[in-house]
């Protein structure tokens, strides 16, 4: 990442001094002054130090020796928002287990259907979450709390928290969810209420800024690899076979990129960050067929939007609705070769909803557990308006305003995209 990506206030808001001894004795507490260096380039760090500047750093996550909240009689709430993602239930389970077993919190509301659950006018009664109730939910895809998209009246949502005496709200979601969490935190601060808001980063696209990896991404990439393998098998088994796979990735092509790296079976990886034209892509595809007799294309859903055209309509989360680049390419490829009297066998695979509704794999499940634990540690210490992150092998606290300040994307000049080009053999420019 560029150095200016760290030009944000990375200090974490607190509700007040932490004076309550933690009931959980651990081998090691995290000190309040522990930091995780943000930049990884030693030259840039040396330059900052020479100029008398402290390198940008995140507050380290982890259990604190002293808490802001007294666990006795404390009530917490959990909400899941946006699209489904592997690991949602794992995070719910981790938060419940940590609240209950680490801190003795017995009252945990699971608000139903996203932020709708905080709007009393919609009548969604919260679930009462217990360790027994969440014991096996990690084996399930989706979310036991349900989800939704779209805004709700922030004043009504905070009124609900006050009416139910909820002192901690955990929001599990992506960019839109975090913006909603920031709005809730701002309204809480305006009213000077002792309520903490802590986010957990959920987005299958892995596009939250200042967070190395969002949960569910590893599972999504593993399943996308299966789709790519199927497309490769189909393509290789036919004369002039083409496997076309559309993967999730509205503005960031991480799933497509890592799927291309997994087995080196992808010959063309198309992502939103790198524009392409049919005039460049289709002749390159024809040359690949001439040389090797088959080809595999992985395209992120947000790629090539200048080709399909968009009417500016937005979904309930405020995102611009994407044109279907997968179906567009399918027809464009068929028309191109038909016009040249070249017979092809094209198989189109769109595993998007299959991928996002899966249970998390073992790696993501462990990651979800630690994200959930660290979210609880942060909230109990009185920290608020933050999302738990992961950076350079450390769990971190990231202010929500910094996390949503920009979309994390693949840098076409960075090592990741260079590696994709080497793995696929596609031309550097397809324009």
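The values are calculated or read from the model by the stated rules, or taken from the named source; none is laboratory data. This is a predicted model, so every value here is computed, not measured. We place every Cβ from the backbone using ideal geometry, glycine too, and count neighbours over all the protein chains shown.
The figures follow:
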read-out	value
The one condition in (1) at pLDDT below 95; (2) in contact with a helix residue (DSSP H, G or I) (Cβ under 9 Å, 6 or more places away or on another chain); (3) part of a loop (DSSP other than H, G, I, E, B) that residue 44 fails to fulfil	(3)
Filter result for residue 308 (modelled with pLDDT under 95, in contact with a strand residue (DSSP E or B) (Cβ under 9 Å, 6 or more places away or on another chain) and surrounded by fewer than 21 Cβ atoms within 10 Å (Cβ to Cβ))	no
Some residue of the stretch 343-361 being buried (at least 19 other Cβ atoms within 10 Å of the Cβ) and within 30 Å of residue 20 (Cα to Cα)	no
Exclusive hit being crowded, with 18+ Cβ neighbours inside 10 Å, modelled with pLDDT of 95 or more and either within 22 Å of residue 371 (Cβ to Cβ) or not assigned by TED's automatic domain parsing to the domain that holds residue 380 (or both), set 137, 188, 204	137
Of all residues making up the stretch 333-358, the number that are outside any loop (DSSP other than H, G, I, E, B), within 21 Å of residue 236 (Cα to Cα) and in contact (Cβ under 8 Å) with a residue 12 or more places away in the chain	9
Residue match in the stretch 364-374 (condition: at pLDDT 95 or above, within 30 Å of residue 68 (Cβ to Cβ) and in a strand (DSSP E or B))	no
Residue 372 being in contact (Cβ under 8 Å) with a residue 24 or more places away in the chain and within 21 Å of the chain's Cα centre (by Cα)	yes
Residues within the stretch 263-284 that are at pLDDT 95 or above, surrounded by fewer than 23 Cβ atoms within 10 Å (Cβ to Cβ) and part of a helix (DSSP H, G or I), tallied	6
Residue satisfying all of: in the stretch 32-41; touching a residue at least 24 places away in the same chain (Cβ under 8 Å) and under 27 Å from residue 167 (Cβ atoms); surrounded by the most Cβ atoms within 10 Å (Cβ to Cβ) among these	32
Test set (1) over 14 Å from residue 389 (Cα atoms); (2) not in a loop (DSSP other than H, G, I, E, B) - residue 205 fails condition number	(2)
Failed condition for residue 23, given (1) in contact (Cβ under 8 Å) with a residue 40 or more places away in the chain; (2) touching a strand residue (DSSP E or B) at 6+ places or on another chain (Cβ under 7 Å); (3) outside any helix (DSSP H, G or I)	(2)
Flag for residue 405 being under 20 Å from the mean Cα position of the chain (by Cα), touching a residue at least 12 places away in the same chain (Cβ under 8 Å), exposed (fewer than 15 other Cβ atoms within 10 Å of the Cβ) and closer than 29 Å to residue 184 by Cα	yes
Test for residue 171: is it surrounded by 14 or more Cβ atoms within 10 Å (Cβ to Cβ) and in contact with a helix residue (DSSP H, G or I) (Cβ under 7 Å, 6 or more places away or on another chain)	yes
The stretch 368-396, residues that are surrounded by 24 or more Cβ atoms within 10 Å (Cβ to Cβ) and within 16 Å of residue 213 (Cβ to Cβ)	368, 371, 372, 374, 375, 387, 388, 389, 396
Some residue of the stretch 223-240 being under 30 Å from residue 377 (Cβ atoms) and either in contact with a strand residue (DSSP E or B) (Cβ under 8 Å, 6 or more places away or on another chain) or at pLDDT below 95 (or both)	no
Elements of type helices (runs of 4 or more DSSP H) in the stretch 78-191, at least 1 residues being closer than 20 Å to residue 215 by Cα	88-97, 131-134, 175-191
